[in-house]
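**Q** This structure is in structure tokens; I'll ask about it shortly.
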Amino acid sequence: MKTITRRNFNTVIAKGMGGAALLSAAPFACAMGTSQDKKKLGIALVGLGSYSTYQLAPALQDTQHCYLAGIVTGTLEKEKAWADKYGIPAKNIYNYQNFDDIANNEDIDVVYVVLPNSMHAEFSIRAAQAGKHVICEKPMGISVEECDAIIDACKKAGVKLGMGYRLHSEPYTQQVKKFVKGKTFGDIQFVSAEAAYRSTGNPDQWRLDKSLSGGGALMNMGVYAVQSAIYGTGENPISVSAQEFSTRPEYFKDTDETIMAQFEFPSGAVGNISTSHNFNANSMYVSGTSGWFQLQPANNYGPLSGRTSKGDEIKFPHESQQKLQMDDFAKHVLFGEPNKAPGDMGKRDMMIVEAIYESISKGGQKIPLDFAPGFGFGG
Ligand code: NAD
């Protein structure tokens, strides 16, 4: 059977059944790591909630350059359940109090912070001070100030910092960047990006509590829409104007329900993003001088899907985005490969988030943004 490598399927835009055939031939790397295997980096997950449980830990069973070496949890029952399930030795299990002892643990190379947003800065900084490389989930913090503090701590400690922006490692998003860079559809003039879901669950969840989340839809899904607008144009915005909409104030007591924002880009391109905890949306559309392309879905765990004005379907074999992302970060640490989602990217996005909130507070006023060209773009 012909092996499809990641290198060649990144460049393929398969049509119709061809894509399905590629999908069925997708190889899966299946290398379980051990702490003795020093070719792989040991990752410790901090916060064993939904994302760690259902995405990151399973993905770490398939990664080639890193493995699940340790856990940090505040819940005693999870210690045993995770130790049993993943064969994690007791010496690699920490709680939030003794977490700093991780500095003495040679099995742990990378700390991956997967806690509520307001805890990202504290644990990323403590991880850096313990001499560990850091992956920080999105949003990087709940303010630009926190992002700066994380970046400074990592610089001071001489450790690498990556964001949990999984899409930069997956082929659909890479194809978007190639279209934009190669001007496949001419000069980009317009981008629209939507990232939203309808929240109806527990009203006491941390995502609806501003002290833990830092904000509502914008801090959660909105970050994906901001990201799509930027890689969909290949530019950082020079201004933003934004509006907030509220229809269920009794549920969204503390956090934003729906936000829309408009960007101007240095080339003259314009963009519109929508994010919400009140409706479902997951797409991006990019229009250039000689055509268009779109992804829908554009930012969920995949498989993503897309098409272009040339009549092509954008289609790649599906692999765990989290697996690709963590392996990319490990290759950055181990082999000096480019950091696809560096700390500056997380900070840039938070600068835009703060500008969006500022615009809303000023009745939709246009807020200028001044980024150095390429600031926050990963490798
Ligand atoms: P979750 O609610 O399922 O898990 C949160 C974890 O934090 C739980 O284990 C909880 O016990 C722990 N925790 C510690 N202190 C807490 C406190 N004071 N209040 C509430 N929980 C506390 O959340 P999640 O969906 O796993 O999200 C965690 C982080 O990961 C968030 O920052 C989120 O934005 C990010 N995330 C990223 C993606 C992605 O695709 N990159 C997807 C989901 C979540």
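A short reminder: the numbers here are calculations on the coordinates, not readings from a lab. From a predicted model like this one, the values you see are computed outputs, not experimental measurements. Note that we place each Cβ from the backbone using ideal geometry, even for glycine, and neighbour counts take in every protein chain shown.
**Q** Given a 10 angstrom Cα cut-off, can you work out which residue in Ala81, Ala103, Ala121 is the most mobile in a GNM of the chain?
**A** Taking springs between Cα atoms under 10 Å, the residue moving most is Ala81.
**Q** What order do you get for 256-262, 304-310 when each peptide is scored by the mean count of other beta carbon atoms within 10 Å, highest first?
**A** Averaged packing, sorted descending, gives the order 256-262, 304-310.
**Q** What ³J(HN,Hα) values, in whole Hz, does the Karplus curve 6.51 cos²θ - 1.76 cosθ + 1.60 give for the range 373-379 when θ = phi - 60°, with x put for Gly and Pro?
**A** After applying 6.51 cos²θ - 1.76 cosθ + 1.60, I find x, x, 4, x, 6, x, x Hz.
**Q** Once you charge only the Cβ atoms, +1 for Lys and Arg and -1 for Asp and Glu, what is the size of the charge dipole of the chain about its Cα centre, to the nearest 20 debye? List each step's numbers first, then the result.
**A** Working: 37 positive and 39 negative charges, 266 e Å.
So the dipole magnitude of the chain works out to roughly 1280 debye.
**Q** Still on this structure: For the range 248-379, how big is the tail of P(r) above 18 Å, as a whole percent of Cα pairs?
**A** 71
**Q** List the relative contact order of the range 309-379 as a percent without decimals, with contacts defined as Cα pairs under 8 Å and 6+ residues apart.
**A** Working: 41 pairs, mean separation 24.8, N = 71.
It comes to 35 percent, rounded to a whole number.
**Q** To make sure I understand the rule: partners must be aspartates and glutamates, Cα under 13 Å from the Cα of Lys362, and not fewer than 8 residues away in the same chain. Which ones qualify?
**A** The reachable aspartates and glutamates, counting only those whose Cα sits under 13 Å from Lys362, are Glu244, Glu354.
**Q** Further question on the same structure: Looking only at Cα atoms, what is the convex hull volume of the range 188-230 per residue, in Å³?
**A** Per-residue hull volume (Cα only) is 57 Å³.
**Q** Considering only DSSP states other than H, G, I, E and B, which chymotrypsin sites (Phe, Trp or Tyr not before Pro) in the range 314-379 qualify as loop sites with at most 16 other Cβ atoms within 10 Å? Walk me through the numbers before you get to the answer.
**A** Values: sites: Phe329, Phe335, Tyr357, Phe371, Phe375, Phe377; in loops: Phe371, Phe375, Phe377.
When the chymotrypsin sites (Phe, Trp or Tyr not before Pro) of the range 314-379 are filtered for loop state and at most 16 Cβ neighbours within 10 Å, Phe375 remain.
**Q** Over the Cα atoms of the chain, how large are the radius of gyration and the largest Cα-Cα distance (Dmax), in Å?
**A** Every Cα atom of the chain included, Rg and Dmax give 20.5, 61 Å.
**Q** Of Ala229, Trp206, Val159, whose Cα points farthest to the positive end of the dipole of the range 149-229 (charges on the beta-carbon: +1 Lys, Arg; -1 Asp, Glu; origin at the Cα centre)?
**A** Checked the options; the winner is Val159.
**Q** While we're looking at this one, here's another question. Rg over Rh of the range 216-278, using C-alpha atoms and the Kirkwood radius, what does it come to?
**A** Ratio of gyration radius to Kirkwood radius: 1.04.
**Q** Please list, by residue number, every one of the trypsin sites (Lys or Arg not before Pro) in the range 161-262 that is coil in DSSP and has at most 15 other beta-carbon atoms within 10 Å.
**A** Within the range 161-262, the qualifying trypsin sites (Lys or Arg not before Pro) (loop, at most 15 other Cβ atoms within 10 Å) are Lys183, Arg198, Lys253.
**Q** If the cut-off is 20 Å between C-alpha atoms, which lysines fall inside it for Lys91, apart from same-chain ones fewer than 8 positions away?
**A** Result set, ordered by chain and number: Lys38, Lys40, Lys78, Lys80, Lys132.
**Q** Among the lysines, select those whose C-alpha is under 18 Å from the C-alpha of Lys210, and discard any that sit fewer than 8 residues away in the same chain.
**A** Of all the lysines, those that pass the test against Lys210 - Cα under 18 Å, at least 8 places apart if same chain - are Lys138, Lys253.
**Q** Related question: Between the DSSP loop rule and a limit of at most 11 other Cβ atoms within 10 Å, which chymotrypsin sites (Phe, Trp or Tyr not before Pro) in the range 146-194 are left?
**A** Sites meeting the loop and neighbour criteria: none at all.
**Q** Can you list the HN-Hα couplings for the range 302-309, worked out from phi with the Karplus curve (6.51, -1.76, 1.60; θ = phi - 60°), rounded to whole Hz and with x for Gly and Pro?
**A** Using θ = phi - 60°, the values come out as x, x, 7, 8, x, 8, 9, 5 Hz.
**Q** Same structure again: Pick from Asp204, Asp328, Asp312 the residue whose mean-square fluctuation is largest in a GNM of the chain, springs joining Cα atoms under 10 Å.
**A** Asp204
**Q** Of all DSSP beta bridges in the chain, what percent run antiparallel (nearest 5)?
**A** About 55 percent, rounded to the nearest 5.
**Q** If you average 1/r across every pair of different Cα atoms in the range 172-245 and take the reciprocal, what Kirkwood value do you get, in Å?
**A** 14.4
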